[in-house]
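A short worksheet on the structure shown next.
Just so you know, all these numbers are worked out from the coordinates, no wet-lab data involved. Just so it is clear, the model here is predicted, and its values are computed rather than measured. Heads up, the Cβs are rebuilt from the backbone with ideal geometry, glycines too, and the neighbour counts pull from every protein chain shown.
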Amino acid sequence: MRFVRTTVVLLLGVLSACRPSPVLRVSRGRAFEERSIAAEAYAAYVRGRLFEHQNDSVHAAEQYRSVLSSDPQSLEAMVRLAAISCSRSPAESAAWWAKAEQLDAESPIM
């Protein structure tokens, strides 16, 4: 019985360590806690930014949509989609801004 109890306690400890912990992020001089981000979403976001710097908004938008498929609450991806869709589709841009604002209107990235 003692073995089972010890195993359960160890298992609970391991499982609690596996849950994502918040991360500290600094933006525009302000520090705030935020949820952790999946590696796939982070990589897609970086690729999107690289495409933007190459003036390739089509591929950038694909990457930001990829971010949202693995991290549907990515405010950063929504804001980038809103920004790059301004010139070709103001209605789409407004929809992304509205969605981002619903998630967190007080975020420093807004």
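Other residues whose C-beta falls under 14 angstrom from the C-beta of residue 32 contribute a net charge of -1, scoring Lys and Arg +1 and Asp and Glu -1. Here the calculated FRET efficiency for residue 110 and residue 59, from their Cβ-Cβ distance with R0 = 35 Å, stands at 0.90, rounded to the nearest 0.05.
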